[in-house]
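The values are calculated or read from the model by the stated rules, or taken from the named source; none is laboratory data. Computed from a prediction, not measured in an experiment: that's the story for all the values here. Cβ placement follows ideal geometry from the backbone for every residue including glycine, while neighbour counts extend to all protein chains displayed. Areas reflect the complete protein model, heavy atoms only, side chains present, ligands, DNA and RNA absent. Shrake-Rupley method; radii C 1.70, N 1.55, O 1.52, S 1.80 Å.
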Amino acid sequence: MKNIDSHSHVRGESVYLDDIPVFRQTLYACVFDSPVAHGKLLSVDTSAAEACEGVVRVIVAKDIIGENEIGGIVQDEPLLADGEVHFCGMPIAVVVATSEELARKAAKKIVVDIEELEPVIDARTAAANGALIVPPKKFVLGNTEDAFANCAHVFEGKTEQNGQEHLYIETQGAYSVPTENGGLRVYSSTQGPTAVQRAVCRVTGLAMHEVEVDVQRLGGGFGGKEDQANAWAGICAVATQLTGKPVKYALHRMEDMRMTGKRHPYSSDYKIGLDVDLKIIAYEASFYQNAGASCDLSPPVLERTLFHCTNSYYIPNVTATAYCCRTNLPPNTAFRGFGGPQGMFVIESAIAHAAEKLGVSASEIQRRNLLESGDEFPYGQIAESEAVTSWTQADAKFDFAALQREADEFNASSKYFRKGVAAMPICFGISFTKTPMNQARSLVHVYTDGSVAISTGAVEMGQGVNTKIAQVAAKVFGLSIDHIKVHTTNTLRISNTSPTAASAAADLNGKATQIACETIRGRLIEVACEMLGGITPEGVTLTDRKVHINGETTELEWESLVMEAHLRRVNLSEHSHYATPGIGFDWATAKGHPFAYHVYGTAFVGVTVDCLRGRYEVDYVKCCHDFGTSMNTAVDLGQIEGGIVQGLGWMTMEEVVYDEKGKLRSNALSTYKVPDIYSVPKEIAVLPLETDRNNLAIFNSKAVGEPPLMYGIGAYFAIRHAVMAYTPCSPDFDLPFTPEKVLLCLFG
Ligand code: MTE
Ligand code: HPA
Ligand code: MOS
């Protein structure tokens, strides 16, 4: 089944924030942001801006009626800078004018006096200065100290990982509209409507029941709008409160790139110990996370780095320590994988290092150490593993040895080109690692004409969650999808939502929807039994718009049943709640069962490097992926392809560059390269893992949003393999592996 939005997407008719019809008298905001990364804000002169054509108001920190604070986890993030600036791009003032153009023009007239201080832009320097946002976090399994003493081989090294710009097609933005008695309705491009509601309440001083947040859909979020949509909504809300008018702000691309945080760069140390049979006996890692200037979601991102630091391997002795380092960059934030990919790259680097030194293929070490069911993760959860099955099934279908042979033969005969191959197994835990977030609600109305309207806490951002939710209702009610409409995500219809994140939106909101629909179906079946002459409900089903008894179609149609139920005063609406059972985690011991389940898979990645030019192409990504049982293969394949390409971009070409002053140099699409149609793999082959294991996913259809991104990590190792086949060298584990860096390895 196609994504329900595909028709309107292709015709350009889907509605995003900037397509919402605006009210009369709407004003437009534009932020003036800090030109320096660190300094004392001595004065802000707004007089010239205030005198500009069309300007209604210029807002600075002291004008904010509520609190000047939007930090969710740590209270360290003012909405507008007050006294100090902490990163280039930090909002200082807001111009509100009668048009976007006039607002932007006037913002340029603001003059600030800043006494510059030394910025810190790298994580290790921040750690050395003691600038940690939260205390270090640690996972321990077994005893690494003793274990290293008994290892046949021990290797140590260092990795550097880059950030990544989200580059959602739709930039950040919000539109705030005044409602009766000082209330607000805020349209926001956010993954977290409740997070926006909280932030708006805080900066305006309003109570949550006075603020309605509504989200139609996003033109992509990728984690970048889990927390960082709050600022723009807060700014519009404050401006509405101060002017009494609707206020809109949709950021320009360069404003967005400059002012928002990205995937966290990490600098990490590893130490890996193996026995004579290539079993990994011990692993130590230290992760230095570049959190940027305020906390944002950095601690849970850091935690997920620890949760995934051993990827899909069983290692009996692990010590992993992680540091959340405060620097003068824009606050870094959630990005597909949420710190997991950063942890996985480090263990894969350690394995590649060991393989190189021992003269074996990395795949030998990978395969021998895959998790088995019953093995313990460093955080105490016991694996129900598909690591071995996904590897074996991928190998049976795609023949890894043959792919390696093919590369070797090519390399022996080519003068300037080299092929490289890498295997990339993945294991990703599904659930918010903060247990209370694993809950959702759904509101289902069946109308008297038989049509069904659904609201949930899930935000549609291209990943197809609304399609899956509509499928759930269609299946439970025995209807076709055109009877079902999934409506905007709205905090008045669904309260206290978790953000659409952690790949868990379809599971959580789909299950809540399933419960609501099943409750209504139960009532309808009772009515049907009465209408059909007092039969018992066993064997009565709803399919194909009809009531069936033991598989036999009756004359009773859905629409008549619904109308009759209404006339008999039966409730045709339901608001239901789902909370993932059986999960929990205790940070006091750093042990527990945080995940409902894991998603596994194995990819084989092949590349060809042009060793004269340093350029490369990805020939294929062939994977065996653990869907459970996909409820929508079109949507899920789209997620896999998109995730892989986004992962490849992070590994290879996406280079976030800040200069030594903390100013973003890769601040536009001319200086920041994302994968395009020419750089996608020539082939992406996806083999569904065959398994009959049950899981806690919606209709057994496992979460698919984030895990496939991590197949892309294989591209780094495939390129490294190709480079090493051309010339004796040992490329640093330093991302992204851009063509420039490849060239330096080849001729450096
Ligand atoms: N797919 C599209 N098209 N656009 C997005 O913004 N975000 C990803 C993933 N796939 C994203 C996407 C991220 S970061 C997450 S957490 C999941 O979708 C969230 O949606 P889900 O929980 O419904 O999978
Ligand atoms: N994943 C994504 N987003 C989150 C998480 C998580 O585990 N925890 C809090 N926000
Ligand atoms: Mo996704 S990074 O959990 O929004």
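Points worth noting:
- Residue 518-residue 405 pseudo-label distance in nm [points 7 Å out on the Cα-to-Cβ vector]: 5.1
- Gap separating the Cα centres of the range 45-90 and the range 660-732, nearest whole Å: 38
- In a reduced charge model with +1 at each Lys and Arg Cβ and -1 at each Asp and Glu Cβ, the range 311-427 shows a dipole moment near 560 debye about its Cα centre.
- DSSP bridge orientation in the chain - percent antiparallel, rounded to nearest 5: 80
- The order of the peptides 177-188, 662-673, 407-418, 643-654 by mean Cβ neighbours within 10 Å, most packed first, is 643-654, 177-188, 662-673, 407-418.
- In a simple Cβ point-charge model (Lys, Arg +1; Asp, Glu -1; nothing else charged), the chain has a dipole of about 640 debye relative to its Cα centre.
- Residue 597 long-range amide H proximity, modeled H, under 5 Å: 430
- Selection from 503, 97, 611, by position along the positive dipole direction of the chain (Cβ): 97
- Kyte-Doolittle at least 0.0, axis length at least 24 Å by Cα - qualifying DSSP helices, the chain: 340-358, 505-531, 633-652
- Surface listing: 616, 716 arranged by accessible area from highest to lowest gives 616, 716, probe 1.4 Å.
- Ranked order, 16, 578 - accessible area, probe 1.4 Å, largest first: 16, 578
- Per residue, in Å², the accessible surface of the range 405-459 once ligands and nucleic acids are set aside, probe 1.4 Å: 37
- Calculated P(r) of the range 358-479 - Cα pairs past 22 Å, %: 64
- The range 612-620 - phi-based ³J(HN,Hα) in whole Hz, Karplus 6.51/-1.76/1.60, Gly and Pro as x: 8, 9, x, 7, 8, 10, 8, 6, 7
- Ranked by the mean number of other Cβ atoms within 10 Å of their residues, highest first, the peptides 350-361, 486-497, 530-541 fall in the order 486-497, 350-361, 530-541.
- Near residue 212, the amide H atoms lying under 5 Å from its own belong to 184, 185, 186; only residues 5 or more places off or on other chains count, and H is placed 1.01 Å from N.
- Most to least packed among 282-289, 395-402 [average Cβ atoms within 10 Å]: 282-289, 395-402
- Heavy atoms of residue 518: accessible area, 1.4 Å probe, square angstrom to 10: 70
- Coupling constants for the range 61-73 follow from the phi torsions by the Karplus curve (6.51 cos²θ - 1.76 cosθ + 1.60, θ = phi - 60°), and in residue order they are 3, 5, 7, 5, 6, x, 8, 8, 7, 10, x, x, 8 Hz; glycine and proline get x.
- Within the range 439-579, the proportion of Cα pairs with more than 25 Å between them is 27 percent.
- By the helix-only formula, in which each DSSP H run with n ≥ 4 contributes -39500 (n - 2.57) and the sum is divided by residues, the chain has a 222 nm mean residue ellipticity of -9000 deg cm²/dmol.
- Rounded to the nearest 20, the Cβ-based charge dipole of the range 439-579 about its Cα centre (Lys and Arg +1, Asp and Glu -1) stands at 520 debye.
- Calculated on C-alpha atoms, the gyration radius of the range 579-685 divided by its Kirkwood radius gives an Rg/Rh of 1.10.
- Whole-percent pair-distance distribution, where bins are 5 Å wide, for the alpha carbons of the range 142-298: 2, 9, 15, 15, 12, 9, 7, 6, 6, 6, 5, 4, 2, 1, 0
- Residue order for 740, 303, 641 - accessible surface, 1.4 angstrom probe, largest first: 740, 641, 303
- Of 534, 575, 562, farthest towards positive along the dipole that unit charges on Lys, Arg, Asp, Glu beta carbons give the range 481-626: 575
- Scaling against 2.2 N^0.38 Å puts the C-alpha radius of gyration of the chain at 0.99.
- Along the axis of the charge dipole computed for the range 595-706 (Cβ charges of +1 for Lys and Arg, -1 for Asp and Glu, origin at the Cα centre), the listed residues 638, 670, 705 are led at the positive end by 670.
- Compactness of the range 31-170 as Cα Rg over 2.2 N^0.38 Å, two decimals: 1.55
- Along principal axes, Cα extents of the range 400-469, largest first, whole Å: 72, 35, 21
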